[in-house]
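The values are calculated or read from the model by the stated rules, or taken from the named source; none is laboratory data. Treat the numbers as computed from the prediction; the structure is a model and nothing was measured. We place every Cβ from the backbone using ideal geometry, glycine too, and count neighbours over all the protein chains shown.
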Amino acid sequence: METSQYLDIFIDESMEHLDMLYQQLLELEKNPKEKEIIEEIFRAAHTLKGMSATMEFDDLAGLTHKLENIFDGIRDDKIVVQTEMMDSLFHAVDHLNAMVEDISNGGNGKRDVEEIISQLDLIEKGESAIVTSKKEKKEDKVNSNTIDDLDEFQLTILGESKDRGFDNYEIEVHLREDCLLKGARVYMVFELLEKSGEVIHSNPTVNDLEEENFDFSFSIMFVTKEDPQELQAKIMKVSEVEQVNITPFSIEDYKEVQDKIQEQVTEVKPEKDNNRESKKADNNTKMQQTGKGAQSKTIRVNIERLDILMNLFEELVIDRGRLEQISSDLNHYELQETVERMSRVSSDLQNIILTMRMVPIDTVFNRFPRMIRQLARDLGKEVEIEVIGAETELDRTVIDEIGDPLVHLIRNAMDHGIETPSRRAELGKPEQGKIILEAYHSGNHVFVEISDDGSGINKEKVKNKAIEKGVISSSEAELLTDQQIFELILASGFSTNEEISDVSGRGVGLDVVKNTIESLGGSISIDAIPGEGSTFSIQLPLTLSIISVLLVELQNEKYAIPLSSIIETAILKKKDIFSAHHNKVIDFRGKVIPLTFLNKIFDVPHEEDEEDEYVSIVIVRKGNKVAGLVVDSFIGQQEVVLKSLGNYLTNVFAISGATILGDGEVALIIDSNALVK
């Protein structure tokens, strides 16, 4: 049977079933006797097994068959759900997820699942199954402390650091065998390193190093600009350090090695018992699904087709603007009436196309409960997550980009925000911390908020650290509002954490969050109450390709400012402009606002008209900061298509793209975020 034509559908549906398994296992852990949850898991496993067998992915089918057997036993009360078995069940779904990801990347879905299948066998027989922890695995290979378990988050940080001119090194430190205070020596090495760069990861883990659960050597993944020979000399000065090896780390080589390991895994065949009856049952299931699908009112559409449709419509928007311009110039009644009707119809069409590209943010949110569960265990914390507004929809392009920033923020909340159970008890808080992930629409924007009930942000500590690192001066610090102080933690390399940690990126990650969100046309703000918690609020546009702008003029050049960043426009007298700290400012509604003269920014020839006593200003906002952009005149509001400037004009200051206007002219789109300081 030729199955390649069904591969895309298989991958999409498998991902949906795996998401269902993750979510229901989390619910089962809270409600182990809830029959409805058990039925949902059984159905998802049974369907995934049938699909895998039909597509001839035997390893995937075999492991899913094991899961199905276990939940069949649970629903028949032959197996009792116990806390000890949950790790094995999550571990099994992790393997299934890795197999499907391998298939989606062009692989065959083969994976070494012998260990997890033996654990599931024990559960099926009613015996206890214990998953080997990372700590135990590392103790089994005390003489192999190389970095071999980097996750996607850490690889992302290393890649971003490399792009910004930093070097990535793997540092292997060997202590003398007569070293008595290994933990103290580790602390001294880490303290020394953190003066020269950022620790991204360690092997063994930080907790194991602090508790001296290692032999006499350990490895560190380190980001720095310092010369490796100087770094080696510094570490060797720490007493009882015997040897230091520093080698450059290549992400490409690391991934290549991991791929080769994956290719060499042992093949594990599925059980052959009752194979014929199993396939017959699976075929019946497929027939039922086909019958059910025939009545469905939804179809799957390849995202590339939607992209093509969107590109065609963008051309239509440009031509619509041109027709509106022509009909206005000719002042022909019937032509104007026809163009107005076409504009209404095309606006409706635009809304439908944009809606087709919309994806529920749940596709991003559903990965976090599982991640938080694992992080809580690693950090020795108790944390629950509450998801609100998961049905809120965003453009697919925004959804694809927002995942990593949210991962950074949640890891940061887990590591820096939520306290340990003992500390929370001392403070009179519930031992279990809480993270709330909320999404909601507001106008043409979507807001995503990550809140925690942890320790909040220490304003004075952030301010002092910023002064120490040279981010701001002492005089500037006195003028900052609370929120502006909180936002200092988004500066590059900023971290207030005094303890060693490889969870939240050691300050490398939060500036990446800010840059990614601003590249999407969004903004991020921070609010916090010491001792009560903090909230990171992200504002994102609904879509990126067609935006509403205010067209302005500088001499004979036209520019577009996105409406999403505009508070209002104003025409003021020139005598109302004042000078303060070598800058031009205005008093606008009781608030001092700095002015930016766009003709100077974009080097537009400008002749001062002595008779003109008025000036046109566009008031724009970036988070809590406000500025006034001085222009020659306002043209009006218009919907435009955002086009890239191409590969030859990357990183042009304060310009995010261009658009073609109705009269055929090109207008540059101003990135007001770059102009608000």
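Of all residues in the stretch 456-466, none satisfies being modelled with pLDDT of 80 or more, more than 29 Å from Leu209 (Cβ to Cβ), part of a loop (DSSP other than H, G, I, E, B) and touching a Gly at 6+ places or on another chain (Cβ under 6 Å). Would you mind stating whether Ile410 is assigned to a helix (DSSP H, G or I), assigned by TED's automatic domain parsing to the domain that holds Leu488, buried (at least 20 other Cβ atoms within 10 Å of the Cβ) and of a type in the set (A, V, I, L, M)? In short, yes.
Let's see how each residue does on (1) within 22 Å of the chain's Cα centre (by Cα); (2) among the hydrophobic types (A, V, I, L, M, F, W, C):
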residue	(1), (2)
Ile418	yes, yes
Arg423	no, no
Gly428	no, no
Glu438	yes, no
Glu460	no, no
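Scanning the stretch 413-449 for residues that are surrounded by 14 or more Cβ atoms within 10 Å (Cβ to Cβ) and among the aromatic types (Phe, Trp, Tyr) returns a single hit, Phe447.
For Asp452, state whether it is at pLDDT 80 or above and either assigned by TED's automatic domain parsing to the domain that holds Phe313 or buried (at least 18 other Cβ atoms within 10 Å of the Cβ) (or both).
yes
Taken over the stretch 394-418, residues that are of a type outside the set (A, V, I, L, M, F, W, C) and touching a strand residue (DSSP E or B) at 6+ places or on another chain (Cβ under 7 Å) amount to 3. In summary, Thr298 fulfils each of the numbered conditions (1) under 30 Å from Ile546 (Cα atoms); (2) at pLDDT 65 or above; (3) among the β-branched types (Val, Ile, Thr) with the single exception of condition (2).
Number of residues in the stretch 580-607 that are part of a loop (DSSP other than H, G, I, E, B), touching a strand residue (DSSP E or B) at 6+ places or on another chain (Cβ under 8 Å) and basic (Lys, Arg): the value is 0.
Could you pull out every one of the strands (runs of 3 or more DSSP E) wholly within the stretch 513-564 that has 1 or more residues that are surrounded by 22 or more Cβ atoms within 10 Å (Cβ to Cβ), more than 17 Å from the chain's Cα centre (by Cα) and small (Gly, Ala, Ser)?
In the stretch 513-564, 523-529, 533-541, 557-562 are the strands (runs of 3 or more DSSP E) which contain 1 or more residues that are surrounded by 22 or more Cβ atoms within 10 Å (Cβ to Cβ), more than 17 Å from the chain's Cα centre (by Cα) and small (Gly, Ala, Ser).
Annotation note: of Ser579, Ser644, Ser633, the sole residue that is in contact with a Gly (Cβ under 7 Å, 6 or more places away or on another chain) and surrounded by fewer than 13 Cβ atoms within 10 Å (Cβ to Cβ) is Ser644. Residues that are among the polar types (S, T, N, Q) and closer than 19 Å to Gly165 by Cβ were ranked within the stretch 183-228; the one that is surrounded by the fewest Cβ atoms within 10 Å (Cβ to Cβ) is Ser196.
Taken over the stretch 203-253, the criterion of being at pLDDT below 85 and assigned to a strand (DSSP E or B) is satisfied by Asn203 alone.
Of all residues in the stretch 375-415, those that are without any contact (Cβ under 8 Å) to a residue 12 or more places away in the chain and over 13 Å from the mean Cα position of the chain (by Cα) total 1.
When Leu67, Leu21, Leu7 are screened for being under 30 Å from the mean Cα position of the chain (by Cα) and crowded, with 20+ Cβ neighbours inside 10 Å, only Leu21 passes.
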